[in-house]
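Working notes, beginning with the structure itself.
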Amino acid sequence: LGRTDDQVKVRGFRIELGEVESVLAAQDGVAQAAVMVREDQPGDKRLIGYVVPADGAALDPAALRDACGRTLPGYMVPAAVMVLGALPLNANGKLDRKALPAPEYATTASLTPATPREQALCEVFAQVLGLDQIGVDDNFFDLGGHSLLAAILVARVTDRVGVKISLRTFMSNSSVRAIDRYLDRQAS
């Protein structure tokens with residue numbers, strides 16, 4: 001008959017959507033919250049949060065993600081949080097999950113690469129994340145990256161740049177500029 005609750009499975013982890021929604025809804029300035037799993041690219045399921053601000057409140061999606069990260073394990077933190085004017089409802093007055101918009105990942109693509117290696121790294125990051133372009137200071141995880149995509153990225157960086165980096169190294173250096181500086185330190 002299927003599940004009667006809102007439990008989903010993302011990258012091998014069982015997640016109760018209501019638990020993530022309650023953490024988002026508990027943040028200052030949030031009037032309503034909804035969370036869903038989206039698969040905008042085949043095989044890439046991502047947890048996305050949607051919030052409606054309380055009257056007069058201004059919400060910062062990055063700050064909301066950080067707040068979730070302080071309370072929830074990493075696999076339960078939404079890849080993106082979108083601020084909406086109102087949650088879409090169907091004719092019965094229930095949340096219309098199909099009408100929730102695709103997430104928008106904010107990049108600083110104006111910060112262009114200064115070296116050929118930075119250019120190559122930006123191209124690999126954008127390809128793995130499914131974005132047109134990224135800036136050298138954009139954080140991989142803030143743009144919707146997760147541990148599985150990080151493993152793919154590490155392998156592609158090795159192929160493209162010719163220098164092997166560990167997944168652990170990448171986790172603590174998750175921007176193009178940070179990886180480029182790490183590679184410079186290793187070369188000297």
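The values are calculated or read from the model by the stated rules, or taken from the named source; none is laboratory data. Owing to the predicted nature of the structure, the values given are computational and were not obtained by experimental measurement. Methodologically, a virtual Cβ is constructed for each residue, glycine included, from the backbone with ideal geometry; neighbour enumeration extends over all protein chains shown. Side chains are part of the model used for accessible areas, which takes the heavy atoms of the whole protein and leaves out ligands, DNA and RNA. Shrake-Rupley method; radii C 1.70, N 1.55, O 1.52, S 1.80 Å.
Think of it as helices only: each DSSP H run of n ≥ 4 in the chain is worth -39500 (n - 2.57), and spread over all residues that comes to -11000 deg cm²/dmol at 222 nm.
Averaged over residues, the count of other Cβ atoms within 10 Å places the peptides 140-147, 80-87 in the sequence 140-147, 80-87, highest first.
If you count the DSSP beta bridges with both ends in the chain, what percent of them are antiparallel, to the nearest 5?
In the chain, DSSP labels about 80 percent of beta bridges as antiparallel.
Report in % the part of the accessible area of the chain that belongs to carbon and sulfur, leaving out ligands and nucleic acids; probe 1.4 Å. Roughly 48 percent of what the probe reaches on the chain is carbon or sulfur. Note on Ala99/Ala58: beta-carbon distance plugged into 1/(1 + (r/R0)^6) with R0 of 25 Å gives a FRET efficiency of 0.55. In terms of its Cα atoms, the chain spans 62, 43, 28 Å along the principal axes, sorted from long to short. Each peptide among 149-155, 45-51 gets the average number of other Cβ atoms lying within 10 Å of its residues, and from highest to lowest they stand as 45-51, 149-155. Normalised Debye scattering of region 91-188 at q = 0.20, 0.21 Å⁻¹ gives log10 I(q)/I(0) of -0.92, -1.01, counting only Cα atoms as equal scatterers and leaving out solvent. In order along region 78-88, the Karplus-derived 3J(HN,Hα) couplings, from 6.51 cos²θ - 1.76 cosθ + 1.60 at θ = phi - 60°, round to x, 5, 8, 10, 10, 9, 10, x, 7, 7, x Hz, and Gly and Pro are given as x. A 1.4 Å probe over all protein chains sorts Thr112, Thr158, Thr169 by accessible area into Thr112, Thr158, Thr169, starting with the largest.
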